[in-house]
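The values are calculated or read from the model by the stated rules, or taken from the named source; none is laboratory data. In this text the structure is predicted, and so the values were computed from the model without any measurement. Positions of Cβ are backbone-derived with ideal geometry, glycine not excepted, and every protein chain shown enters the neighbour counts.
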């Protein structure tokens, strides 16, 4: 575990450190390469979201995709969001994805994202960055209408479709 990880753990009690932290780089690479996207449980839908920023802050884009329990894509959305940071792009992608789910009447939702700080923010109900808390608050208010929800941090390798298309949004392309 790095010095930064230990400092964050001490300052943000209850922070969940992602898997593979503290694992040697050679083992970490093998574990990440073995990572695959999985369909949601029976009766559930899965939301994968991602944000990208070229320059941080820089030209940014968001992507979210929604799949049903057989793996069929129900909805997707990619769009540029202007000049933003990567964290703001991530939280905006989450919010837009939750709107997709809410508007489709999804009741059981598995949420997956590749930025651990956003997933931890969902679990704890706040982010250490106060500027992003307004967006998180709106996302949390949407979550109250779902019957069951899970939040999972995944690595980019498991979120490749959302990651690839978030970069397309950062390039200024709209895809739906």
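Yes or no, residue by residue, for (1) surrounded by 15 or more Cβ atoms within 10 Å (Cβ to Cβ); (2) at pLDDT 90 or above:
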{"position": "36", "(1), (2)": "no, no"}
{"position": "40", "(1), (2)": "yes, yes"}
{"position": "68", "(1), (2)": "yes, yes"}
{"position": "72", "(1), (2)": "no, yes"}
Inset, instruction - Would you check if residue 101 is part of a helix (DSSP H, G or I), within 24 Å of residue 42 (Cα to Cα) and in contact (Cβ under 8 Å) with a residue 40 or more places away in the chain? - result: yes
Legend entry - Meets criteria (within 23 Å of residue 148 (Cβ to Cβ) and part of a loop (DSSP other than H, G, I, E, B)) for residue 70: yes
Inset, instruction - Taking residue 46 as meeting all but one of (1) in a strand (DSSP E or B); (2) surrounded by 14 or more Cβ atoms within 10 Å (Cβ to Cβ); (3) modelled with pLDDT under 95, write down the number of the exception. - result: (3)
Legend entry - The one condition in (1) surrounded by fewer than 18 Cβ atoms within 10 Å (Cβ to Cβ); (2) under 16 Å from residue 149 (Cα atoms); (3) in contact (Cβ under 8 Å) with a residue 24 or more places away in the chain that residue 94 fails to fulfil: (1)
Inset, instruction - Test residue 82 against the criterion of being over 25 Å from residue 38 (Cβ atoms) and more than 16 Å from the chain's Cα centre (by Cα), and give yes or no. - result: yes
Inset, instruction - Count, please, the residues in segment 123-145 that happen to be in contact with a strand residue (DSSP E or B) (Cβ under 7 Å, 6 or more places away or on another chain) and crowded, with 20+ Cβ neighbours inside 10 Å. - result: 0
